[in-house]
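The values are calculated or read from the model by the stated rules, or taken from the named source; none is laboratory data. Quick caveat, the model's predicted, so the values are computed rather than measured. With ideal geometry, Cβ positions are generated from the backbone for all residues, glycine too; neighbour counts draw on all protein chains shown.
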Amino acid sequence: MSKKFIIIIGIIISIIVIGAIIAIIIVFATKNDDKDDKKHNIDIDDTTGSSDSTSSSDKTDNTDETDNTDKNDNTDKTDNPRDYHNNYIISEKIAILNNGIKMPIIGLGTWTLSNDEAEESVYAAIKEGYRLIDTAEYYRDEVGVGKGVKKSIEEGIIKREDVFITTKIMPGAYSNPDMAIEDSLKNLDVDYIDLMLIHQPGSNDEKVYKSMEKYYRNGKLKSIGISNYYTKSQVDKVLSFATITPAIIQNENHIYYQNNELQEYVRNYGIIIESWYPFGGRGHTSENFNNEVIVSLANKYKKTSAQIILRWNLQAEYIVIPGSKNPDHIKENYNIFDFELSSEDMEKIYNINKNQRYENW
Ligand SMILES: NC(=O)c1ccc[n+]([C@@H]2O[C@H](COP(=O)([O-])OP(=O)(O)OC[C@H]3O[C@@H](n4cnc5c(N)ncnc54)[C@H](OP(=O)(O)O)[C@@H]3O)[C@@H](O)[C@H]2O)c1
């Protein structure tokens, strides 16, 4: 074999070996790219999956574990001061209170209803999908409310834990507030009450509040709050003696008297405002329903005035408890989850406000 021939063979072998090495490197690199792509896809899927699969209860559970400060830090703030998203989830029909409890954002008010009317209306409302009922010892209809809830449970429509019952103590009505709580538990015929409020400020509200805190700690009251506290100083007074921050302030709140400033203040404590008299109360509904802005929006959205007002409450992050003993109205008032007011239209309703209350308590 000539030397020249051996060199040529050597070159050919070298080319083959180098080619093979390059081919192996290319194949290897391509495989790694595939892997990276797959991994990338998995990462995206995981991310999507984890956010998609985060159920409302997961979200709530997370919130449950954070304290109030965390919640405020987590508040999804935007440039629009009206745009809070403060633990208020319209799509799930709930708000998450500052103690982590979920509260439905629309419920049935029962003031002026007899026990029989309350029983029937509560039952009709629960069948319609309502999961929040508002009563008070003062209304003298707690027994009817309890019966309406019980009937719904017995018929398998709901379980006790599916419905959120609010009642109230009128300070001054009892020298021993513990007795008032025991009486409400007995009247409603329940083991626990979801939310108890001081009905109005009174000379002994600290004593009443302390009693509610005691029952909160023993589990018979799941949340506590106040009602008819309209000023910062009134709220500050409660905060000064409260060891458990009120979860709710239930106030007269409607298009002509909006609690927007108070809401801005109390949201710092994770407190949510709940609207009573959303339609102005019996005797004043027509001036609310016939307000020209409300009527024009009702025409625009093909909804009733009542539905526009209630939807405004939800988008303004108020919990709302329209009162009714009419099954058609009860149904109509709950049918507010299939449309959304634009921010311009929300603003039009905010602008109706003239700080005019109907009541003076
Ligand atoms: N914390 C407090 O001091 C306090 C004070 C007052 C009230 N509240 C609570 O807040 C709740 C709401 O207040 P409210 O009931 O007095 O007044 P409201 O909800 O402003 O108005 C109730 C009136 O609206 C009518 N109505 C309801 N839905 C309607 C509809 N879709 N179309 C036409 N009319 C309709 C009712 O008549 P029909 O019965 O015929 O439907 C009733 O006359 C009370 O029930 C009570 O639970 C709390």
Residue satisfying condition, being farther than 17 Å from Ile94 by Cα, crowded, with 21+ Cβ neighbours inside 10 Å and touching a helix residue (DSSP H, G or I) at 6+ places or on another chain (Cβ under 9 Å), within set Ile271, Ile309: Ile309
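So, in segment 316-327, of the ones that are among the small types (Gly, Ala, Ser) and within 20 Å of the chain's Cα centre (by Cα), which residue ends up nearest to the ligand (Cβ to nearest atom)?
Initial filter on segment 316-327 (among the small types (Gly, Ala, Ser)): 316, 323-324.
Subset that is within 20 Å of the chain's Cα centre (by Cα): 316, 323.
Numbers: Ala316: 16, Gly323: 2 Å.
Selected residue: Gly323.
Which of the following residues is under 16 Å from the mean Cα position of the chain (by Cα) and β-branched (Val, Ile, Thr): Ile272, Ile330?
On the way: Ile330 fails: under 16 Å from the mean Cα position of the chain (by Cα).
Being under 16 Å from the mean Cα position of the chain (by Cα) and β-branched (Val, Ile, Thr) holds for just one of Ile272, Ile330, which is Ile272.
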Residues satisfying the stated conditions in segment 260-279, i.e. near the ligand (Cβ under 8 Å from one of its atoms) and of a type outside the set (Phe, Trp, Tyr): Ser275, Pro278
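Among the residues of segment 164-178, is any more than 15 Å from the ligand (Cβ to nearest atom) and assigned to a helix (DSSP H, G or I)?
First pass over segment 164-178, keeping only residues more than 15 Å from the ligand (Cβ to nearest atom): 174-178.
Imposing the further condition that a residue be assigned to a helix (DSSP H, G or I) reduces the set to 177-178.
Yes, the conditions are met somewhere in segment 164-178.
Would you check if Arg282 is under 19 Å from Tyr256 (Cβ atoms), more than 12 Å from the ligand (Cβ to nearest atom), touching a residue at least 24 places away in the same chain (Cβ under 8 Å) and among the basic types (Lys, Arg)?
Numbers: under 19 Å from Tyr256 (Cβ atoms): yes; more than 12 Å from the ligand (Cβ to nearest atom): no; touching a residue at least 24 places away in the same chain (Cβ under 8 Å): yes; among the basic types (Lys, Arg): yes.
Criteria not met by Arg282.
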Any pair with Cβ under 6 angstrom, 6 or more apart, that starts in segment 219-237 at a residue that is farther than 20 Å from Thr135 by Cα and basic (Lys, Arg) and ends at one that is modelled with pLDDT of 95 or more and assigned to a helix (DSSP H, G or I): Lys232/Tyr265
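What residue, of Val145, Val190, is modelled with pLDDT of 95 or more, crowded, with 17+ Cβ neighbours inside 10 Å, touching a strand residue (DSSP E or B) at 6+ places or on another chain (Cβ under 7 Å) and more than 24 Å from Tyr277 (Cα to Cα)?
Exactly one of Val145, Val190 is modelled with pLDDT of 95 or more, crowded, with 17+ Cβ neighbours inside 10 Å, touching a strand residue (DSSP E or B) at 6+ places or on another chain (Cβ under 7 Å) and more than 24 Å from Tyr277 (Cα to Cα), namely Val190.
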Filtered residue count, segment 108-125, keeping only those that are crowded, with 24+ Cβ neighbours inside 10 Å and under 19 Å from Ile157 (Cα atoms): 5
Where a residue in segment 132-158 is in contact (Cβ under 8 Å) with a residue 40 or more places away in the chain and assigned by TED's automatic domain parsing to the domain that holds Asp183 and its partner, wherever it lies, is among the small types (Gly, Ala, Ser) and away from the ligand (no atom under 13 Å from the Cβ), with Cβ under 8 Å and at least six apart: Glu137/Ala173; Glu137/Ala180; Glu137/Ser184; Tyr138/Ala173; Glu142/Ser184
